[in-house]
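Notes for the one structure printed next.
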Amino acid sequence: MTQTDRAVDLLRAGELIGLPTETVYGLAADASNPVAVRKIFSLKGRPADHPVIVHLASSIQLDEWVEITSDNVGLLAAAFWPGPLTMVLPKLPEVDNAITGGQQTVAIRVPSHPVAQQILQAFGGGVAAPSANRFGRISPTCAQHVRDEFGDLLSLVVDGGDCEVGLESTILSLVNGPELLRPGAISIDQIEALLGEQVSVSNRLSQRAPGLLERHYAPVTTTWLMADAGIAARLAALGQDQQRTGLVTCGESKFDCQIIEQLPANPTDYGQAVYAALRRLDRALLDLIIIQRPPQEPAWAAVNDRLARAAQWKV
Ligand code: TXA
Ligand code: MG
């Protein structure tokens, strides 16, 4: 029996599987089986009012789940699907509350990962999948990360290699005008260029204040996001205790610190590598993780959004 056959059998039986996608690994269940979908919430420890994304093999299946609110939907699907874009649309009445967290909308994505495509096509229906991590923690970007999160609690983690994108999909609501809910690899510029209209940015994103932050996508270890001047001063002040501190740099390090994760200085490669680097540092049981703040530029929007959530403190 192939891995795809096993995956499909388990989904049909109402079981959960670890599913590779090009963004991050998902914790997947048959989206039309509310009992299976509820298992996702209990395994992740996720509050029931957080909706999950429904994954489809192709945009042809869209009208089985949502109302198509405008021509923008077809344009976006043609341009970016399969790929790392999620669209939020008004749900059809039959879509269960377990998926939507009680809301009147559903988030839909058509992933491009060849293994995800194979499984979705063979399964035929929608697959509900949040990222395959415990609630609030860093999303998994390889099969081993999923096993580290859930161990024997999952009967199958399909191994699709390292995720190519490494950050969660861009989420765009099309319930009213286009509104960005989460930045990702598909940028707001790309979407505006395609639609020829402005995309608004959700208040939840635009009003994120510096200082103490709401943690999500977070390591267990205390994590600070710091500008260069702050890092130099902090490392100097730590002295001997520096051995208990891990540093994540953006490009070549100009700092004197023993435990360094040096990440690429471009946003695409940085995004692909950052979660694995944070997981390695988290496993080293340090006192502190310091992340060097990448450039505050539009190309870094998705990376900066996730780093702000990974950190407790931003200086
Ligand atoms: O790249 C991804 O999107 C990955 C892979 C597995 O597809 N999935 C993912 O799912 O990141 P999750 O559940 O970890 O994050 C989905 C986000 C959540 O913040 C959720 O609140 C939001 O999407 N979301 C889901 N349905 C929504 C809806 N109907 N309206 C607004 N936000 C929604
Ligand atoms: Mg998640």
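Given the residues Val165, Val146, Val175, which is the only one that is closer than 24 Å to Ala277 by Cα and part of a loop (DSSP other than H, G, I, E, B)?
One residue alone meets the criteria, Val165.
Yes or no, residue by residue, for (1) β-branched (Val, Ile, Thr); (2) more than 16 Å from ligand 2 (Cβ to nearest atom); (3) buried (at least 17 other Cβ atoms within 10 Å of the Cβ):
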| residue | (1), (2), (3) |
| --- | --- |
| Ala98 | no, yes, yes |
| Gly102 | no, yes, no |
| Pro111 | no, no, yes |
| Pro114 | no, yes, no |
| Ala122 | no, yes, no |
| Gly126 | no, yes, yes |
| Leu153 | no, yes, no |
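Just to be sure I understand the filter: pairs with C-beta atoms under 7 Å, separated by 6 or more residues or on different chains, first member in the stretch 1-17 and more than 18 Å from Ala132 (Cβ to Cβ), second member charged (D, E, K, R) and crowded, with 20+ Cβ neighbours inside 10 Å. Which pairs pass?
From the stretch 1-17, the pairs are Arg12/Asp30.
What about Gln144, is it touching a residue at least 24 places away in the same chain (Cβ under 8 Å), more than 16 Å from ligand 2 (Cβ to nearest atom) and surrounded by fewer than 17 Cβ atoms within 10 Å (Cβ to Cβ)?
Criteria not met by Gln144.
Report the residue count in the stretch 9-36 for those that are buried (at least 22 other Cβ atoms within 10 Å of the Cβ), outside any strand (DSSP E or B) and β-branched (Val, Ile, Thr).
3
Looking at Ala116, Ala128, which is the one that is touching a Ser or Thr at 6+ places or on another chain (Cβ under 8 Å), within 11 Å of ligand 1 (Cβ to nearest atom) and among the small types (Gly, Ala, Ser)?
Answer to the check: Ala116.
Can you run down the residue pairs with Cβ atoms below 6 Å, 6 or more apart or on separate chains, where the first is in the stretch 250-270 and among the aliphatic types (A, V, I, L, M) and the partner is assigned to a loop (DSSP other than H, G, I, E, B) and open to solvent by 30 Å² or more (accessible area, probe 1.4 Å)?
Correct list of pairs: Ile260/Ser253.
What number of residues in the stretch 40-84 are part of a helix (DSSP H, G or I), away from ligand 2 (no atom under 16 Å from the Cβ) and open to solvent by 60 Å² or more (accessible area, probe 1.4 Å)?
The number of residues fulfilling the criteria is 6.
Let me spell it out: the conditions are (1) within 16 Å of ligand 2 (Cβ to nearest atom); (2) among the β-branched types (Val, Ile, Thr); (3) closer than 26 Å to Leu288 by Cα, and Thr170 meets all of them except one. Which number is the exception?
Failing condition for Thr170: (3).
Go through the stretch 184-220 and report how many residues are at pLDDT below 95, in a loop (DSSP other than H, G, I, E, B) and among the polar types (S, T, N, Q).
Looking only at that region, the number is 2.
The values are calculated or read from the model by the stated rules, or taken from the named source; none is laboratory data. Because the structure is predicted, anything quoted here is derived from the model rather than measured. Positions of Cβ are backbone-derived with ideal geometry, glycine not excepted, and every protein chain shown enters the neighbour counts. Accessible surface areas use protein heavy atoms only, side chains included; no ligands, DNA or RNA. Shrake-Rupley method; radii C 1.70, N 1.55, O 1.52, S 1.80 Å.
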